[in-house]
Amino acid sequence: MADLVLIRALFIVLLACAAYFLRPFQLDEQVSAAAGGASGLLIVLFEMRLKQVSLKRLIGAAFGSVLGILGAFLISLVLVQALGKESTTISFLQILLLMLMTYVGLIVGANKGDMLNLAALGGLFGGEKSGKQPFKILDTSVIIDGRIADIAETGFLDGVLVIPQFVLRELQLVADSADSAKRNRGRRGLDILQRIQKMPDLNVQILEDDFPHVREVDMKLIELAKLYDCKIVTNDFNLNKVAQLHGVDVLNINELANALKPIVLPGETMRVFILKEGKEYNQGVAYLDDGTMVVVDNAKRLISKTIDITVTSVLQTTAGKMIFGKYDERSQGQHERHSQPERGEKAREQAAAATPPST
């Protein structure tokens, strides 16, 4: 980044020096140098803006400009033939037509450039779309969470994982925090990054791009995703919603985890451990191994016991999945009666084995 700034500054200085010595339009030396420096600055600003334009738009703008210039040239020939010999009026009309047609061709070509199918040309142009879409930007929360490393090891993530420099700075600040909890989370995030970088089949890149005029890290991520037309990988609910409002695609790890939870249908029987009392009357609450909450009716008095319940409904929310069930004492009693003879037989067998044979 520093080398690029140095090259840009050198370019402006050289252009100013050239204008100072050549003095275009018979201007004074100081005025010529100022004009040359201003021209160089405008070119650098144009170049910085050009970085944000896709290859399709550049090709469309160039093609539209060429067509506009050709159209202006043909119309100029018609004007000369129709109005006779050249005059200042005809020259002005020719310049006006040239600027108008070039400008219109540039704007129309750039706007319609996204309709071009460069992949059909193959080679360098065929890689334009594939070079952008697989980019996935990791945010701070998903790095600290750590599950992204497990997903990457399975091979479900393709393309390039991008870690912005401002995300690394935020991780470092968290790792250097005076709070021990935050410090452990930051160090865990740095360890996860090292683990991801060591994966041989994964391409990890660190981007130096920054947006000094944007203060929030979440908005920096959104601007970066817009710049490179790629996706953000996160588990932050608020970032997910804001990015969608800005038209940026998001891969949410929490949504992936919810999608992979086992499917439970109403009417099925499942065995749960009642952990605590529910909010409503006579309710008990249990949790599955994946953290899914199970709310059970008629189970308040069965806290700290494992029981069989019947699923009544399943509720899918943005925060996750909730399962509602009920405890049927009659079915539980039948289950216990069926199990009692088996326990009795086992007890008799154990007693017979323990009794010494009579002589």
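Given the alpha-carbon gyration tensor of the range 1-101, what are the semi-axes of its equivalent ellipsoid in whole angstrom, ordered largest first, with each equal to the square root of 5 times an eigenvalue?
Working: eigenvalues 240, 113, 10 Å².
Semi-axes from the Cα gyration tensor: 35, 24, 7 Å.
Each label point was placed 7 Å from the Cα along the Cα-to-Cβ direction; for Ser39 and Glu223 their separation is 3.2 nm. Measuring nothing but alpha carbons in the range 193-272 and taking Rh as the Kirkwood radius, the Rg to Rh ratio lands at 1.14. Below 14 Å Cα-Cα, how many Lys pairs turn up in the range 131-259? Only count pairs eight or more apart in sequence, or on different chains, if you could. Total qualifying Lys-Lys pairs in the range 131-259 comes to 6.
Label separation (Lys261 vs Ile95): 7.1 nm, computed from points 7 Å beyond Cα along the C-beta direction.
The per residue volume of the convex hull around the alpha-carbon atoms of the range 131-259 is 111 Å³. Sorting 261-274, 97-110, 139-152 by average packing, meaning the other beta carbons within 10 Å per residue, from highest down gives 139-152, 97-110, 261-274.
Mind checking the full-extension length gain between Asn238 and Asn282? Use 0.36 nm per residue of separation minus the Cα-Cα distance, one decimal, nm. Present the calculation step by step, with values, prior to reporting the outcome.
Values: separation 44, 0.36 × 44 = 15.84 nm, distance 3.50 nm.
This chain segment gains 12.3 nm when fully extended.
Taking a cut-off of 16 Å between Cα atoms, list the aspartates and glutamates near Lys300, but don't count ones fewer than 8 places away on the same chain. Partners found: Glu277, Glu280, Asp308, Asp328, Glu329.
The numbers here are math on the coordinates, done by the rules we state, and not lab data. It should be emphasised that the depicted structure is a prediction, and the values quoted were computed from it without experimental measurement. Neighbour counts run over all protein chains shown; Cβ positions are idealised from the backbone, glycine included.
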